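Structure, as C-alpha coordinates:
The values are calculated or read from the model by the stated rules, or taken from the named source; none is laboratory data. All figures in this text were calculated on a predicted structure; none of them were measured in a lab. Positions of Cβ are backbone-derived with ideal geometry, glycine not excepted, and every protein chain shown enters the neighbour counts.
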Amino acid sequence: MKRSSIILLVLIAVAIGVIVSLVGDFSTYETFASAARHPDKEYRVIGVLDKSLPQVYDPQKDPNYFSFYVKDKAGNIRKVVYIGSRPTDFERSEQIVLTGHMQDSVFACSQILMKCPSKYKNDQVAVSNMKAQAQQVHAEVK
(Lines give C-alpha, C1' and ligand atoms only; values in the text may rest on other atoms or scores of the structure.)
Protein backbone atom coordinates (compact mmCIF):
# COMPACT_ATOMS: atom_id res chain seq x y z
CA MET A 1 0.00 0.00 0.00
CA LYS A 2 1.08 3.53 -0.67
CA ARG A 3 2.00 5.73 2.23
CA SER A 4 -0.70 8.26 1.27
CA SER A 5 -3.37 5.52 1.35
CA ILE A 6 -2.34 4.50 4.86
CA ILE A 7 -2.44 8.10 6.06
CA LEU A 8 -5.87 8.55 4.48
CA LEU A 9 -7.21 5.41 6.22
CA VAL A 10 -5.84 6.58 9.57
CA LEU A 11 -7.48 10.00 9.12
CA ILE A 12 -10.81 8.37 8.25
CA ALA A 13 -10.57 6.13 11.34
CA VAL A 14 -9.83 9.14 13.56
CA ALA A 15 -12.75 11.07 12.04
CA ILE A 16 -15.12 8.15 12.66
CA GLY A 17 -13.87 7.91 16.25
CA VAL A 18 -14.49 11.61 16.84
CA ILE A 19 -18.00 11.41 15.37
CA VAL A 20 -18.90 8.37 17.48
CA SER A 21 -17.63 10.03 20.67
CA LEU A 22 -19.62 13.20 19.94
CA VAL A 23 -22.81 11.27 19.26
CA GLY A 24 -22.31 9.41 22.53
CA ASP A 25 -22.23 12.73 24.43
CA PHE A 26 -25.63 13.85 23.18
CA SER A 27 -28.28 13.10 25.72
CA THR A 28 -32.01 13.43 25.64
CA TYR A 29 -34.07 15.09 28.29
CA GLU A 30 -35.31 12.72 30.97
CA THR A 31 -37.95 12.87 33.66
CA PHE A 32 -37.53 12.81 37.44
CA ALA A 33 -38.80 9.22 37.45
CA SER A 34 -36.06 7.99 35.14
CA ALA A 35 -33.47 9.94 37.15
CA ALA A 36 -34.74 8.29 40.35
CA ARG A 37 -34.21 4.80 38.87
CA HIS A 38 -30.47 5.49 38.53
CA PRO A 39 -29.48 7.96 41.28
CA ASP A 40 -25.76 7.49 40.60
CA LYS A 41 -26.08 8.75 37.00
CA GLU A 42 -26.30 12.40 35.93
CA TYR A 43 -29.36 13.38 33.90
CA ARG A 44 -30.76 16.40 32.10
CA VAL A 45 -34.34 17.06 33.10
CA ILE A 46 -36.47 19.65 31.35
CA GLY A 47 -39.46 21.24 33.01
CA VAL A 48 -41.18 24.40 34.12
CA LEU A 49 -40.91 26.28 37.39
CA ASP A 50 -43.83 25.62 39.74
CA LYS A 51 -44.55 29.14 40.94
CA SER A 52 -47.21 27.99 43.43
CA LEU A 53 -44.57 26.34 45.64
CA PRO A 54 -41.92 28.27 47.58
CA GLN A 55 -38.43 29.17 46.43
CA VAL A 56 -35.76 29.35 49.10
CA TYR A 57 -32.82 31.68 48.59
CA ASP A 58 -31.39 33.75 51.44
CA PRO A 59 -28.03 35.24 50.41
CA GLN A 60 -27.36 36.51 53.96
CA LYS A 61 -27.80 33.04 55.44
CA ASP A 62 -26.24 30.95 52.63
CA PRO A 63 -25.56 32.56 49.23
CA ASN A 64 -24.86 29.15 47.67
CA TYR A 65 -28.15 27.42 48.46
CA PHE A 66 -31.18 27.78 46.21
CA SER A 67 -34.17 25.44 46.26
CA PHE A 68 -37.32 25.48 44.15
CA TYR A 69 -39.86 23.13 42.60
CA VAL A 70 -40.02 22.02 38.97
CA LYS A 71 -42.70 20.17 37.03
CA ASP A 72 -41.12 17.85 34.44
CA LYS A 73 -42.57 16.90 31.05
CA ALA A 74 -44.37 13.90 32.61
CA GLY A 75 -46.11 16.14 35.15
CA ASN A 76 -44.07 15.08 38.19
CA ILE A 77 -43.19 17.86 40.61
CA ARG A 78 -39.94 17.58 42.56
CA LYS A 79 -37.91 19.78 44.84
CA VAL A 80 -34.66 20.89 43.23
CA VAL A 81 -31.63 21.99 45.23
CA TYR A 82 -28.99 24.02 43.42
CA ILE A 83 -25.70 24.74 45.13
CA GLY A 84 -25.07 28.20 43.75
CA SER A 85 -26.63 31.62 43.57
CA ARG A 86 -30.12 32.19 42.23
CA PRO A 87 -30.05 33.01 38.49
CA THR A 88 -31.25 36.44 37.39
CA ASP A 89 -34.83 36.58 36.03
CA PHE A 90 -35.39 32.98 37.12
CA GLU A 91 -39.19 33.33 37.33
CA ARG A 92 -39.40 34.64 33.76
CA SER A 93 -38.04 31.46 32.18
CA GLU A 94 -40.39 29.45 29.97
CA GLN A 95 -38.51 26.21 30.53
CA ILE A 96 -35.66 25.09 32.74
CA VAL A 97 -33.08 22.45 31.88
CA LEU A 98 -31.54 20.94 35.00
CA THR A 99 -28.38 18.84 35.04
CA GLY A 100 -27.89 16.67 38.10
CA HIS A 101 -28.98 13.51 39.88
CA MET A 102 -31.62 12.34 42.33
CA GLN A 103 -30.89 12.08 46.05
CA ASP A 104 -33.87 10.42 47.69
CA SER A 105 -36.82 12.54 46.49
CA VAL A 106 -34.78 15.70 45.82
CA PHE A 107 -33.04 16.51 42.53
CA ALA A 108 -29.50 17.72 43.28
CA CYS A 109 -28.78 20.15 40.48
CA SER A 110 -25.27 21.06 39.34
CA GLN A 111 -26.26 23.26 36.39
CA ILE A 112 -29.31 25.32 35.39
CA LEU A 113 -30.07 26.42 31.84
CA MET A 114 -33.02 28.75 31.45
CA LYS A 115 -34.96 29.02 28.24
CA CYS A 116 -36.41 32.51 28.39
CA PRO A 117 -39.12 33.99 26.20
CA SER A 118 -37.78 35.63 23.10
CA LYS A 119 -37.55 39.39 23.30
CA TYR A 120 -37.99 39.46 19.55
CA LYS A 121 -41.49 37.95 19.36
CA ASN A 122 -43.19 41.36 19.20
CA ASP A 123 -40.63 42.58 16.68
CA GLN A 124 -41.42 39.65 14.40
CA VAL A 125 -45.13 40.54 14.51
CA ALA A 126 -44.30 44.15 13.71
CA VAL A 127 -42.14 43.11 10.77
CA SER A 128 -44.87 40.90 9.35
CA ASN A 129 -47.36 43.77 9.74
CA MET A 130 -44.92 46.06 7.95
CA LYS A 131 -44.63 43.55 5.10
CA ALA A 132 -48.41 43.38 4.82
CA GLN A 133 -48.65 47.17 4.78
CA ALA A 134 -45.91 47.40 2.15
CA GLN A 135 -47.74 44.89 -0.04
CA GLN A 136 -50.97 46.86 0.37
CA VAL A 137 -49.26 50.13 -0.58
CA HIS A 138 -47.59 48.41 -3.53
CA ALA A 139 -50.98 47.09 -4.71
CA GLU A 140 -52.54 50.56 -4.40
CA VAL A 141 -49.75 52.11 -6.49
CA LYS A 142 -50.40 49.69 -9.36
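Here are the numbers for this structure:
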{"item": "Where Asp58 falls short, out of the listed (1) modelled with pLDDT of 90 or more; (2) among the charged types (D, E, K, R); (3) exposed (fewer than 12 other Cβ atoms within 10 Å of the Cβ); (4) within 16 Å of the chain's Cα centre (by Cα)", "result": "(4)"}
{"item": "Test for Asp40: is it among the acidic types (Asp, Glu), more than 21 Å from Glu30 (Cβ to Cβ) and over 18 Å from the mean Cα position of the chain (by Cα)", "result": "no"}
